[in-house]
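Okay, structure first, notes after.
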Amino acid sequence: MIRFDNVTVRENGHMILDRMSLEIAEHDKAVLCGKSGSGKTSIMNTVMGAYVPDEGTVYFKGEPVTEHTIRQLRQAVSYIGQEPVLGAEKVRDAIMLPFTFKMHKGRAPDSRAVLELLDKLHLNHQILNKETAVISGGEKQRIAIARELLLQKNVFILDEVTSALDPESKTAVIEFFQNSACTIISASHDPLWMKICTKFLLIEQGRLIRVTDNPEGYSL
């Protein structure tokens with residue numbers, strides 16, 4: 001589904017990805033493992049088109065990602081970071097914001113679908129009436145997840161998505177993704193998150209060192 005073919009990325013003359021080749025298949029739940037600064041976030045940013053490879057090619061569903069095809073990828077792939085931007089003053093408006101855009105017109109979910117998803121993510125229905133400025137970081141992460149799921153996206157790039165969650169909320173998010181058919185590329189140091197992952201990619205100094213289905217020793 002997502003493939004890097006000998007991808008090199010430089011930023012301000014500094015190499016941040018070095019001849020990176022990797023593949024994430026459909027339904028993989030992959031986690032990028034490595035120390036801070038190893039290149040995990042750079043990989044995710046390159047998938048989303050924030051970095052353009054100096055050498056090599058990124059593929060999505062078998063097609064090269066270019067300036068002409070990046071929009072198609074972004075419509076299918078969701079990126080959620082540690083501090084997601086919700087883009088509206090009220091939580092209800094933040095959830096519905098994407099459906100005000102032309103590309104999603106006519107696809108707005110009904111209130112029942114929204115409430116059912118809030119339940120699955122252990123969010124009280126009253127949060128819809130709150131201001132986004134006053135909700136917690138963990139609530140923002142779960143609202144961002146809910147919004148992308150309502151857009152019917154099934155490929156997720158998740159950067160430490162459980163980092164701000166309390167134990168109960170973390171369990172809800174982990175169980176949701178464990179039981180879903182989503183394809184996931186994640187960066188996490190969370191042992192509980194790693195338990196649901198099926199592919200582990202060890203990254204060091206912008207290079208892919210090893211790929212395994214065993215997380216032992218990878219919780220860096």
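The values are calculated or read from the model by the stated rules, or taken from the named source; none is laboratory data. Please read these numbers as outputs of a predicted model, since none were measured by experiment. Backbone-built Cβ (ideal geometry, glycine too); neighbour counts: all protein chains shown.
Side notes on the structure shown:
- Among the residues of the range 46-94, the ones that are under 19 Å from Arg142 (Cβ atoms), small (Gly, Ala, Ser) and within 17 Å of the chain's Cα centre (by Cα) come to 2 in all.
- Of the residues in the range 9-25, at least one is assigned to a loop (DSSP other than H, G, I, E, B), at pLDDT 95 or above and under 18 Å from the mean Cα position of the chain (by Cα).
- Here is the figure for the range 81-117: residues that are outside any helix (DSSP H, G or I) and surrounded by 14 or more Cβ atoms within 10 Å (Cβ to Cβ) total 8.
- If you check Leu165, Leu208 for being over 19 Å from the mean Cα position of the chain (by Cα) and either surrounded by 20 or more Cβ atoms within 10 Å (Cβ to Cβ) or part of a helix (DSSP H, G or I) (or both), only one passes: Leu208.
- Unique match (being out of contact with any Leu (no Cβ under 6 Å at 6 or more places or on another chain) and farther than 26 Å from Ile196 by Cβ) among Lys102, Lys29, Lys61: Lys102
- Scan the range 168-203 for residues that are part of a helix (DSSP H, G or I) and either of a type in the set (S, T, N, Q) or farther than 30 Å from Gln72 by Cβ (or both) and the total you get is 10.
- Residue in the range 142-149 that is in a strand (DSSP E or B) and at pLDDT below 95 present: no
- Residues located in the range 118-154, provided they are in contact with a strand residue (DSSP E or B) (Cβ under 9 Å, 6 or more places away or on another chain) and either surrounded by 14 or more Cβ atoms within 10 Å (Cβ to Cβ) or of a type in the set (A, V, I, L, M) (or both): Leu128, Lys130, Thr132, Gln141, Ala144, Ile145, Arg147, Glu148, Leu149, Leu151, Lys153, Asn154
- Residue under evaluation Thr66, criteria (1) out of contact with any Asp or Glu (no Cβ under 7 Å at 6 or more places or on another chain); (2) assigned to a loop (DSSP other than H, G, I, E, B); (3) in contact (Cβ under 8 Å) with a residue 12 or more places away in the chain; (4) of a type in the set (S, T, N, Q), criterion not met: (3)
- Residue pairs whose Cβ atoms lie under 6 Å apart, sitting 6 or more positions apart in sequence or on different chains, and linking a residue in the range 192-205 that is closer than 13 Å to Phe176 by Cα to a partner that is hydroxyl-bearing (Ser, Thr, Tyr) and assigned to a loop (DSSP other than H, G, I, E, B), are Trp193/Thr162.
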